[in-house]
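Beneath this line is the structure, given in structure tokens, with notes to follow.
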Amino acid sequence: DEEFDELCFEFGLELDEITSEKDIISKEKGEEKAKGASDVVLYKIDVPANRYDLLCLEGLVRGLQVFKERISLPRYEKIIPAEGEGQKLIITEQTAQIRPHAVAAVLRNITFTKDRYDSFIDLQEKLHQNICRKRALVAIGTHDLDTISGPFTFTAKAPSEIKFKPLNQSKEYTASQIMDLYRTDSHLRHYLHLIENKPRYPVIYDSNGVVLSMPPIINGDHTKISLNTRNVFIECTGTDITKAKIVLDIIVTMFSEYCEKPFTVEAAQVVYPNGKTHIYPELAYRTEKVKPEYINKKIGISETPSSLAKLLTRMCLKSHVTGNGNHLEVEIPPTRADIIHACDIVEDAAIAYGYNNIQMVIPKTYTIANQLPLNKLAELLRLDLAAAGFTEALTFALCSQEDISDKLGMDISATNAVRIANPKTAEFQVARTTLLPGLLKTIAANRKMPLPLKLFEISDIVVKDPTTDVGATNYRHLCAIYYNKSPGFEIIHGLLDRVMQLLEVPPNEENGYTIKAAEGTAFFPGRCAEVFAKGQSIGKLGVIHPDVITKFELTMPCSALEINIEPFV
């Protein structure tokens, strides 16, 4: 187990845990439910999301074997059948509105065992969840070719006109009934919305009118694959042709090793509505040229071109040195759709070299780290506010709309708040425009504590700002609150004076700070003042309005101060 863990790490994967079905069930549902579950050891391996070729045992084993240099990378071949003998998939123009693309291929003389069959189904499921974006972009159908006869037609029809026996069901249903049937199915109900409200549903027929599948929901029962299946017809339909090609390539490269002639796949012809034909799978190999010094520089190593070529070959990227050793020619196999740019090749070279083997060096730049002045000021103020007897609170940066508008007696449009597009909970609808609601909610949650409660927070607030590139700006605010049987305005006023004393801002008009009577919706009329410093208004202090106190479920009077500290940096 330890050796395997080590190997996974070297290959850029992570062995998450070693467990068994029994362990998993007992962790989730308790010992009782786990009785009778299997004790077989399971490895949970974390695979990076871009490596579709490692999502099944076949691909993973092949990748590790090549990495350990036990086998060389197989060459995937497509066999184009003689004219008129191959399989054809004809796309009609009705599909254009709903799922316009389809690709197909055939695996000939394949031998399934229980494990291979499970792995085959499992890979399709993983691809559906990952690159296919829960079947929205691509849906995969695999069929027993000997139960049907081509050419096949991919079309779209009204739900009432489609009738067939869905996979593992005992009788025929129309497409609309199928939708109702699977509405309660824990697995399939998540895909219904993809075509549910469309006037026509996509469907694939063979030449005798047998339904192969109704993508992206369910295959027909007639073409079901079993352990005795010898020839598999694979079709991928979707809204994104590039992803469909990748998915088809992955499935045929992974499972062609079980064909009578290993790593060969029979091509199929796809006929488009405009009459053009295309042969799939593409199984395209391409070569990229990379400079060895580029790889060395990016990783921070100094390997010879030939040893870099060897490292890349171990990562399934067959490479050799060309042009007097100034270039590496790298062949990208069809299994590696994730290699888009030279930096992807560099990454693989680094994995093969071993991240732990790269020497640590001190960067060549001469910079001395420094704390951001605003953060430094905030830290110093935090210490002194705590020394003044106030307790620091940290509250959420997101809150509900009511917290910053209705509860403070303001209109939401006047707050200029940034909204979350589709909030998961009512508590997190907007970014806060003031720190006051957070502190009032904190007091409400701590009403059982002995009085007085003195809290403060120094954090960012967010307001919309069309002049910035992101459309919003953060300001660092200081908010303090005093909650007791009497409002304690003098305590909050005293705190403001203390803060200004610390900031070395004198109490005068010319170059210091002043407070002037003002009105604020959250404050008691006549008990609110605006604070001016550095020639601008920086905030307010005052006694909180009784309505605001009630709305936050509090019962005692309270006074508060909120100022922007950025002008003092």
Residue pairs within 8 Å by beta carbon, gap of at least six or interchain, first lying in the range 374-388 and touching a residue at least 12 places away in the same chain (Cβ under 8 Å), second open to solvent by 50 Å² or more (accessible area, probe 1.4 Å) and among the β-branched types (Val, Ile, Thr), listed first then second, are LEU374/VAL569; LEU377/VAL569
By residue number, the members of the range 183-215 that are open to solvent by less than 90 Å² (accessible area, probe 1.4 Å) and within 27 Å of the chain's Cα centre (by Cα) are ASP185, SER186, HIS187, LEU188, TYR191, LEU192, LEU194, ILE195, GLU196, PRO215
Scanning the range 431-449 for residues that are under 14 Å from GLU402 (Cβ atoms) and of a type in the set (Val, Ile, Thr), the one surrounded by the fewest Cβ atoms within 10 Å (Cβ to Cβ) turns out to be THR434
### Task
Confirm whether GLU392 is under 19 Å from TYR475 (Cα atoms), exposed (fewer than 15 other Cβ atoms within 10 Å of the Cβ), in contact (Cβ under 8 Å) with a residue 12 or more places away in the chain and over 32 Å from the mean Cα position of the chain (by Cα).
yes
Subset of the range 216-258, residues closer than 12 Å to PRO281 by Cα, among the charged types (D, E, K, R) and open to solvent by 30 Å² or more (accessible area, probe 1.4 Å), comes to LYS245
Among PRO48, PRO74, the single one that is under 23 Å from PHE112 (Cα atoms) and in a loop (DSSP other than H, G, I, E, B) is PRO74
Picking from VAL106, VAL66, the residue that is assigned by the TED database to the domain that holds ALA136, β-branched (Val, Ile, Thr) and either in a strand (DSSP E or B) or open to solvent by less than 30 Å² (accessible area, probe 1.4 Å) (or both) would be VAL106
Cβ pairs under 9 Å, 6+ apart or interchain, first in the range 348-364 and under 18 Å from TYR294 (Cβ atoms), second open to solvent by 90 Å² or more (accessible area, probe 1.4 Å) and not hydrophobic (A, V, I, L, M, F, W, C), ordered by first then second residue, are ALA349/LYS298; ALA350/LYS298; ALA352/LYS310
Of the residues in the range 419-430 that are surrounded by fewer than 20 Cβ atoms within 10 Å (Cβ to Cβ) and hydrophobic (A, V, I, L, M, F, W, C), the one that is farthest from GLY471 (Cα to Cα) is ALA426
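The values are calculated or read from the model by the stated rules, or taken from the named source; none is laboratory data. All values reported here derive from a predicted model rather than from experimental measurement. Here Cβ is always computed from backbone atoms with ideal geometry, including for glycine, and neighbour counts include all displayed protein chains. Side chains included, ligands, DNA and RNA excluded: accessible areas come from the protein's heavy atoms. Shrake-Rupley method; radii C 1.70, N 1.55, O 1.52, S 1.80 Å.
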